[in-house]
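Trainee: I have a structure I would like to understand better, so I am pasting it below and will then ask my questions one at a time.
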Amino acid sequence: MANPFKNIFGAKEAETPVGSGNGAHKVEPIHVTDADFEALILKSDVPAVVDLWADWCGPCHMIAPSVEQLASAYDGRAVIAKLNVDENPNVPGRYGIMGIPTLLYFKDGKEVDRQVGVAGYAGLANKLEKLLN
């Protein structure tokens, strides 16, 4: 018998990204560090979303499927990244991160929005759509 709790946090939703068009494929968020944050996020030619998280954080695991869904749905149009705050303390300090999960939205190398706490895919995508227009 299949485990009924396997997709309790919406992992099934991430398998079929909304708005990804024909031939949808699963794309994972990139993992950034303090060392490559500037090159991969601040110098990106497209908007970027960075999920600041930690392995011990339950809400971080709850939002992860939505972040994965963003990566697939916006592949090629935005950078979707994850940064582990335990392994990379400089970026969270630089942006005054007081709690996780926090998603930072960047355009042209500047933070333009943020989401603190758990949110669904639609809310995250709505913030990103504003940066693409």
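The values are calculated or read from the model by the stated rules, or taken from the named source; none is laboratory data. Because the structure is a prediction, the values reported are computed rather than measured. Cβ sites come from the backbone with ideal geometry, for glycine too, and all protein chains shown count toward neighbours.
Trainee: What's the number of the condition Gly96 fails, among (1) surrounded by fewer than 19 Cβ atoms within 10 Å (Cβ to Cβ); (2) in contact with a strand residue (DSSP E or B) (Cβ under 8 Å, 6 or more places away or on another chain); (3) part of a loop (DSSP other than H, G, I, E, B)?
Mentor: (2)
Trainee: State whether the residues of the range 53-71 include one that is part of a helix (DSSP H, G or I) and more than 14 Å from the chain's Cα centre (by Cα).
Mentor: Yes, the conditions are met somewhere in the range 53-71.
Trainee: For residues that are in a loop (DSSP other than H, G, I, E, B) and either farther than 12 Å from Phe106 by Cβ or of a type in the set (Lys, Arg) (or both), tally how many sit in the range 24-52.
Mentor: 11
Trainee: Pull up the range 99-133, narrow it to residues that are among the charged types (D, E, K, R) and not in a strand (DSSP E or B), then point me to the one that is farthest from His31 (Cα to Cα).
Mentor: Lys130
Trainee: Additional query: Run down Ala71, Ala35, Ala14, Ala81 and say which single residue is out of contact with any Gly (no Cβ under 9 Å at 6 or more places or on another chain) and modelled with pLDDT under 95.
Mentor: None of the others qualify; the one that does is Ala14.
Trainee: Has the range 45-56 got at least one residue that is surrounded by fewer than 21 Cβ atoms within 10 Å (Cβ to Cβ), more than 15 Å from Val27 (Cβ to Cβ) and among the β-branched types (Val, Ile, Thr)?
Mentor: No, the range 45-56 contains no residue that is surrounded by fewer than 21 Cβ atoms within 10 Å (Cβ to Cβ), more than 15 Å from Val27 (Cβ to Cβ) and among the β-branched types (Val, Ile, Thr).
Trainee: Here's another thing I want to ask about it. Of the conditions (1) within 12 Å of the chain's Cα centre (by Cα); (2) within 17 Å of Asp36 (Cα to Cα); (3) part of a helix (DSSP H, G or I), Ile80 satisfies every one except a single condition; which number is it?
Mentor: So Ile80 meets the others, but not (3).
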